[in-house]
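Just below is one structure, and these are the notes that go with it.
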Amino acid sequence: MDFLSGLFSFLYQTGDAFAFLVLSACGLAVIFGMMGIINLAHGEFILCGAYVTTSAVRMGLPLPIAILVGTLVAGLVGMLLERVIIRHLYARPLDSIVVTWGISMIVTQGTLIILGSTMPGTGTPFGSFTVAGYGYSVYRFVLMLAAVATLAVLWLIFTRTRFGILARATIQVPHIAEALGVNTSLIYSLTFGLGAALAGLCGGLYAPTMTLVPTMGSAFVVEAFVTVVVGGADIFLGTAPAAAILAVVKAGLTSWQGQLAGQIGLLVAVIVVIRILPRGLTGFILRERT
Amino acid sequence: MAILETRKLDKWFGGLHVTDEVDFTLEQGEIHCLIGPNGAGKSTFFKLVLGEHSPSGGAILYDGKDITKAKSFERIRHGISVKFQVPGIFQALKVRQNLQIALQHHLQGASLNEETDRLLEFLKLKDAENQLAGSLSHGQKQWLEIGMAVALKPKLLLLDEPTAGMTPDETHATGEMVQALNAEGVSVLAVEHDMAFVRQIAQKVTVLHFGKVFAQGTINEIVADERVASIYLGEVHA
Amino acid sequence: MSGWPRSIWAKSMRKEVLLETMGLWAGYGGKPVLQGVDLSVRAGEIVAVIGRNGVGKSTLMRSLIGLLPPQQGSVLFEGAEINNLSAHKRARLGIGYVPQGRDVFPRMSIYENLLVGQSIDGSGKADVKERVDRIYGYFPILKERRDQRAGTLSGGQQQQLAIGRVLMGDPALILLDEPSEGIQPNIVQDIARIMVELNRDTGITVVFVEQNLDMIRQMAQRCYVMDKGSVTAEIGKDALEDRDTVRRYLAV
Amino acid sequence: MPRGNKTTSVLKLLEGPQTLGKGPGFWSGCAVVLALACAYPLFADGYDVGNNVYFFNWVFMALGLSLIWGYGGALSFGQTAFFGVAGYAYGVFTINLGDAYGLTLVSLVAAVGLSALFAGVLGYFLFFGRISGVFLGIVTLSVTLVLERFMSQTAGPEWAIGSARLNGFNGMGGMPSLTIPWFGADIALYPDVGLYYLTLALLVVVYLALRMLVNSRFGNVLVAIRENPQRAEMLGYDIRRYQLVAFVIGSALAGLSGVLYTAWGNYITPSSMGMSAAALPVVWVAVGGRSDLTTTLFGTLLVLAGFQYLTIYGSQYALVVMGFLLVVTILLAPSGIFISLGSFFSRGLRRRQARESI
Amino acid sequence: MTKQATGVLATLGTLFALSAAAFAQDGEPIKMGVLEDQSGDFAVATIGKVHGIELAAEEINANGGIDGRPLELVTYDTQSDNRRYQEFMRRVLQRDKVDVVFAGFSSASREAYRPIVDQFDGLAFYNNQYEGGVCDANMIVTGAVPEQQFSTLIPYMVEKYGKNVYTIAADYNFGQISAEWVRDIVKENGGTMVGEEFIPLGVSQFSQTIQNIQKAKPDFLVTLLVGTAQASYYEQASSANVDLPMASSVNVGQGYEHKRFQPPSLANMYVTTNWIEEVDNPASKSFVEKWHKKFPDEPYINQEAENSYVAVYLYKQMVERAGSTDHDAIRKVIAEGDVCMDAPEGRVCIDPKSQHMSHTIYLAKVSEDHSISFPKVWDDIKPYWLGHVGCDLTKENPEAQYTPSDNPKKNDG
């Protein structure tokens, strides 16, 4: 019984870490993997999702709808940014780093000026349950389910929907996709919007559990970047397995040696990966690719 | 003595067998042309020799040494040099700089400048020496790249369609350049479509077809070979 | 055959000019490869463009589909100038482009590759299943391997896929760039036969660049000969049977 | 900046944009700038002098990044990692060794060496692992972020090297300023005229040395690698080694910045490695024009001064305006403001000449 | 170069130029530098500090200034960036030549500017609760320190809830040092530490920590979490139904979490603070009233805001008694040991040895609905530790920050 409750607790911790890594990283991974752009405004899309979700809840919408609204707004903002700014930089991916950083500065400080230094939270729904004397938050399971569901939905989007197929075609051989009638510039907008929406979803999901301040995005960014580095460019072959591996490493080390060890574990993971798998897990899995 | 030799050189891309156990020999001091219809595997063979692709099987010998596993730059240092099909020059640098980057391997100071001038003269690029390489005409770019390849003082020069996009005059001048280099003792392997050019320079011709050596001989033997003519016209069912 | 939504039949019966270029110049980075190409293709024709390597045949194809902007002159499709249209807009007018080297999407399955081609049909009303079945009918190997990644196919299979892919969009015109390149002759024959069948069944117009004489003979109703960036001759089907003429224009 | 230099830059631009600044015009311009810089403390108050020293401190890191990114074509987003490592190393060395006998200068050299060593190890993994392009940026950024996080956690007394406490997030303080051994008593270089001249001299030396480097055989190859790595390899160069060397030199300069900054303020903190700190060098170099040392140098000073000015007078809008200016600059001036302005004016000039000639 | 760049941007800058208040009064103004974070991570807690200083300065100027001299504020936004503190501390001291500086929220920012204050022999007020230990004659600290907050809080908690204590603390100087105070005081009171965990800054996910706490079964929990990311603990613990009494020295008083978070995530939290908006006495009430009149949109007036307000009046008193703004004269006044005033929180005095301030310490209890009550108030709690460890600024000035590792006997310098 003790073993079982220990096992449950380890799985819970791992699942919790996995959810955090997946939800933080998948928006970044979509934009990086599909478009080759490092989006330093990733945290600000998370912020956008969190703020919109919370405002929607305060206006009386039920949480799931509010999260959906937050996701959509972040996605639309992403598409707008892509149309106005990002699309001029496809030939200059390195410059896009500077630009997204500039955007991030504008958004963070703009939020502070317009909405003030903080926003009241909404509280975590669903309460808790007890296993072998330990309380667990039900909402954490919602997050885990959301992470898995997000991966599943992304999988469906990229393999079953017209947009997904056209997006993959555009990424693989852009000029041929264009010549086959695919409006590739629309595809790029939608892809960027999807990445932004995923960040918004992350923000919306975590909004009830966190302090809402204009700089809250930074709490996600390091983990997101590390996951993408370890995973490489592909979300299914890279991000998801990387999140799983890192979650086990982090949960294991954290429960064994505390939070510091968990954090150091991430550092070691990055170093090991760039030594052994320079292109991340994706590169390893797709090694036969030329 | 063979300067370059491949033994059962093999390359697969996914489901495509692009180079099929090619046995090939290039003698010291020879100008050898590699011809064949599009998709015959010429470019892949070329990249295998350069080390840009690693072979799925077989071996590459250069000057008697096995270089199958050597990195590209190491092969260059052994004395192989290359001119690509699409000019691989440094567009944003001046013509003179392009050559000097190649020449500075073995020269410096005054002799570097002398040799640069000599090479510019040889390439008919003296007037353009301070232009950006990207602003040259297509033919001039091709020459510049040949110049960069030559600047390394190679023992073996690899040319991938050196005259692609050139006018007949430019093509002929290129042929003369190649022959002048050969006279100085450089062995040459050229992939080429332009039969006039092949006729002008080739001492030996190898025909590749579906990744295999299809025929080999002097240019006259090849031209006379009805089977070769047929593969070009798509008539041979290999 | 019925079932293709576009009214190709009517057009081909009237023998309208479908595609026309007038004094077309195009090239890369300021260097003109095409130096005033004039050609005209009527609906329902199969026309070959032949010539030696490096004379600009592939460049012509790329500028027809819009991957290469024209420097001078114009391209007309169904009588309207399409010079300034981007490639995807040209495709949606009903032009299918099968590039040299096939360029299938390597990490997508055959079926998914086919779905991409559907974009050529701008109407968005295509009955996907019917079209896929029809393409599987022409190219059974694609059906057999429908879930295999396209990058693992042989050259001939990739070529069939590339053609099937544009057929998904029900184009009025197909541009084929060196369809025989690197492909076993029996497959080349199959492809040529299928193209002719398609033309007969649907009235689809085909413009193709080719060096393989067998294929040219099998498919082409007439040929444009290119040299040094422009069309230098036009020859009919009969001339193709004359080996010396062909040799003069093509090979070694 | 006197107008003369700018116009000569523009003139040189007309000749060819590879190496900005040539001929007597440019060098006399340089001499004038240098003379003005030398005379500056005579006219400026102590604050401006010290503040300029502070600006100079960062220029080394920017020049190093220009070498790695602008000349070598490899974007490192993690230059602050080397900045931080060297800054902490200087702290640890000087706190343990003291500041007598010019030991601070020994510490400076040792700290810069340590950052170069770190860059060597990291760079070996990166370049010999054939990491390039955007992925290189994301990996280096992650390294510096993780390093920042690690250093923030070293607050406890167990995190000490000798008598130097790393002191976690609060940062390490108490290290001495740079000193020059002198008869009688050492001269301590506080952010004042003395340090101004020392930093200026270092800056001139580094700038000229880098000019020599990029115009040398090595620099030629480096630029060749940026332009066309495949061709460079096919000329027989082991491009990985060249990129590694450029990375180590550039990172050592970031380390030099770190040491100078630490000695300037007697303080170093983990947040000098964090996300916004890491983005700054990229911003300076991108705004100024990364592919040239001179534009990088002036661009860095311009951005530093401009951002500081905005912060002083822009109140809470400063960050918004900064972000906005950044976005606009990058969109409108892809090769940096100096080169883009230059080509804008020269184009206007050419157009006017053309009109007049008609 | 800088000059010119400055010129180029001048036009732009003036658009946003913050006009420094000019007062038409007799006498040379007394210049007060204000370096606080009005943007970035810490802005939540620090915008109120600027307001407190502005309020006090306005009142003083309305009443004839300090010795007839108006108080002029020179304010810069330090953007929660340590480097900005370094830049602007030099600027206010060298360029603006201010007489005194009020600066800094995080300890990191204080340590960033302190060498510069020392170098120019300036005088800086640090109006923030912090981990303690700064022994520097150029610094005056009006915020509360651990011995004031924990010597009151911990014995109360041990007596009320039991002897088993679990601490979670931010893994940096403040957290480490505070945790050490907690450890020592728990031991003195016969309690035991059943767990102690340090959380890296920026961590926002606490599932494992929550479980560790539940496993250790403490009687109460001491939370020394810092920063907005770590504040997420409360929401997460509440949703996992941890339901333990909590004790803290940072929350509520600084980041007014009880106002920002959804009840009941902070329920049963006990905080020792030297003042908060809810303190219910006449002086405090009229202070809050004045404040809201001037800053109607202020979300909350925290303890640092009050500290800053009080500090301005303390400075006024020092200058008036010293008869000048000269630092040596001011230090002599401090050394007299009776720089005291009646602040909104109650009577406060500056301790001459450490130049830290005594406080009235309020025990604030957060209830289910996040309303505040004060079960206990301690008057005149002195900052004793620095004196205990050997700091005596009336005798020598080590310009150092002592840590508990200096504790047993530290007498060098």
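The values are calculated or read from the model by the stated rules, or taken from the named source; none is laboratory data. Because the structure is a prediction, the values reported are computed rather than measured. In this analysis, Cβ positions are derived from the backbone assuming ideal geometry, glycine residues included, and neighbour counts consider all displayed protein chains. In case anyone asks, the SASA skips ligands and DNA or RNA and just uses the protein heavy atoms, side chains included. Shrake-Rupley method; radii C 1.70, N 1.55, O 1.52, S 1.80 Å.
Within region C:59-89, the set of residues being assigned to a helix (DSSP H, G or I), more than 8 Å from chain A (Cβ to nearest Cβ) and open to solvent by less than 30 Å² (accessible area, probe 1.4 Å) comprises C:THR59, C:LEU60, C:MET61, C:SER63, C:LEU64.
Yes or no, residue by residue, for (1) among the hydrophobic types (A, V, I, L, M, F, W, C); (2) more than 16 Å from D:LEU141 (Cβ to Cβ):
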position: A:PHE32; (1), (2): yes, no
position: A:GLY36; (1), (2): no, no
position: A:LEU40; (1), (2): yes, no
position: A:THR54; (1), (2): no, yes
position: A:PRO64; (1), (2): no, yes
position: A:GLY70; (1), (2): no, yes
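Residues in region E:97-115 that are among the aliphatic types (A, V, I, L, M) and at the interface with chain D (Cβ under 8 Å from one of its Cβ atoms) were compared, and the one that is surrounded by the most Cβ atoms within 10 Å (Cβ to Cβ) is E:ALA112.
In region E:211-255, how many are more than 30 Å from A:LEU7 (Cβ to Cβ), assigned to a loop (DSSP other than H, G, I, E, B) and either modelled with pLDDT of 85 or more or more than 9 Å from chain A (Cβ to nearest Cβ) (or both)? So the count comes out to 8. Quick one: in region C:90-102, which of the residues that are in a loop (DSSP other than H, G, I, E, B) and open to solvent by less than 50 Å² (accessible area, probe 1.4 Å) is farthest from C:GLY203 (Cα to Cα)? So the residue we want is C:GLY101. If you go through region D:211-254 and keep only what is under 17 Å from the mean Cα position of the chain (by Cα) and of a type in the set (Ser, Thr, Tyr), you end up with just D:SER251.
So for region C:191-209 (the condition being among the acidic types (Asp, Glu) and away from chain B (no Cβ under 14 Å)), does at least one residue qualify? Within region C:191-209, one or more residues are among the acidic types (Asp, Glu) and away from chain B (no Cβ under 14 Å). Within region A:159-177, can one find any residue that is among the β-branched types (Val, Ile, Thr), open to solvent by less than 10 Å² (accessible area, probe 1.4 Å) and within 18 Å of the chain's Cα centre (by Cα)? Within region A:159-177 (the criterion being among the β-branched types (Val, Ile, Thr), open to solvent by less than 10 Å² (accessible area, probe 1.4 Å) and within 18 Å of the chain's Cα centre (by Cα)), the answer is no, since none of the residues qualifies. Candidates B:ALA92, B:ALA183: the one that is at pLDDT below 85 and surrounded by fewer than 21 Cβ atoms within 10 Å (Cβ to Cβ) is B:ALA92. A Cβ distance below 6 Å, combined with a sequence gap of six or more or placement on separate chains, defines the contacts here; from region A:244-264, residues that are touching a residue at least 12 places away in the same chain (Cβ under 8 Å) reach residues that are of a type in the set (Val, Ile, Thr) in the pairs A:ALA247/A:THR14; A:VAL248/A:THR14; A:ALA251/A:THR14; A:GLY262/A:THR254. The residue pairs whose first member lies in region E:125-147 and is under 16 Å from E:ALA335 (Cα atoms) and in contact (Cβ under 8 Å) with a residue 40 or more places away in the chain, whose second member is surrounded by fewer than 24 Cβ atoms within 10 Å (Cβ to Cβ) and among the aromatic types (Phe, Trp, Tyr), and whose beta carbons are closer than 7 Å, counting only pairs six or more residues apart or on different chains, are E:CYS135/E:TYR402.
Within region C:186-204, is there a residue that is among the hydroxyl-bearing types (Ser, Thr, Tyr), closer than 22 Å to C:GLY156 by Cα, open to solvent by 10 Å² or more (accessible area, probe 1.4 Å) and within 17 Å of the chain's Cα centre (by Cα)? Scanning region C:186-204 turns up no residue that is among the hydroxyl-bearing types (Ser, Thr, Tyr), closer than 22 Å to C:GLY156 by Cα, open to solvent by 10 Å² or more (accessible area, probe 1.4 Å) and within 17 Å of the chain's Cα centre (by Cα).
Among the residues making up region D:57-86, those that are farther than 21 Å from D:PHE127 by Cβ, buried (at least 24 other Cβ atoms within 10 Å of the Cβ) and within 12 Å of another protein chain (Cβ to nearest Cβ) are D:ASN57, D:VAL59. Those strands (runs of 3 or more DSSP E) of region E:319-413 in which 2 or more residues are out of contact with any helix residue (DSSP H, G or I) (no Cβ under 7 Å at 6 or more places or on another chain) occupy E:346-349, E:359-366, E:372-381. Contact map, region C:234-247: residues that are free of Cβ contacts under 8 Å to residues at least 24 places away in the same chain paired with residues that are open to solvent by 70 Å² or more (accessible area, probe 1.4 Å), Cβ distance under 9 Å, separation 6+ or inter-chain. Pairs shown: C:GLY236/C:GLN221; C:LYS237/C:GLN221. Only one of the numbered conditions (1) more than 15 Å from the chain's Cα centre (by Cα); (2) buried (at least 22 other Cβ atoms within 10 Å of the Cβ) is not met by B:THR174, and that is (1).
Scanning region A:106-127 for residues being among the β-branched types (Val, Ile, Thr) and either more than 8 Å from chain E (Cβ to nearest Cβ) or part of a helix (DSSP H, G or I) (or both) gives a total of 6. Looking at B:GLN142, B:GLN131, just one residue is over 27 Å from B:ASN38 (Cα atoms) and in the same structural domain as B:HIS105 (by TED's automatic domain parsing), and that residue is B:GLN131. Restricting attention to region E:134-185, the residues that are surrounded by 24 or more Cβ atoms within 10 Å (Cβ to Cβ) and at positive phi total 0. Checked against (1) touching a residue at least 24 places away in the same chain (Cβ under 8 Å); (2) within 13 Å of another protein chain (Cβ to nearest Cβ); (3) more than 24 Å from D:PRO176 (Cβ to Cβ), E:PHE120 passes all but a single condition, namely (3). Filtering region A:136-154 for residues that are open to solvent by less than 20 Å² (accessible area, probe 1.4 Å), under 24 Å from A:VAL57 (Cβ atoms) and not in a helix (DSSP H, G or I) leaves a non-empty set.
Only a single item in (1) assigned to a loop (DSSP other than H, G, I, E, B); (2) at pLDDT 90 or above; (3) open to solvent by 10 Å² or more (accessible area, probe 1.4 Å) is not met by C:PHE105, and it is number (3).
The residues in region E:22-72 that are over 19 Å from E:HIS292 (Cβ atoms), at pLDDT below 90 and in a helix (DSSP H, G or I) can be counted, and the count is 1. Remark: D:ARG130 falls outside the filter, which requires a residue to be charged (D, E, K, R), open to solvent by 20 Å² or more (accessible area, probe 1.4 Å) and closer than 24 Å to A:LEU260 by Cα.
Count of region B:21-45 residues, restricted to those that are of a type in the set (D, E, K, R) and open to solvent by less than 30 Å² (accessible area, probe 1.4 Å), is 2.
Under the condition of being within 14 Å of chain A (Cβ to nearest Cβ) and in a helix (DSSP H, G or I), the residues counted in region D:301-324 number 15. Assessment of region D:225-233 against the conditions (part of a helix (DSSP H, G or I) and of a type in the set (Asp, Glu)) yields at least one matching residue. Annotation: of all residues in region E:77-96 being more than 7 Å from every other protein chain (Cβ to nearest Cβ) and open to solvent by less than 20 Å² (accessible area, probe 1.4 Å), the one that is nearest to A:ILE113 (Cα to Cα) is E:THR78. Of all the residues that make up region E:200-213, how many are open to solvent by less than 10 Å² (accessible area, probe 1.4 Å) and closer than 18 Å to D:LEU166 by Cβ? Summing the residues that are open to solvent by less than 10 Å² (accessible area, probe 1.4 Å) and closer than 18 Å to D:LEU166 by Cβ in region E:200-213 gives 1.
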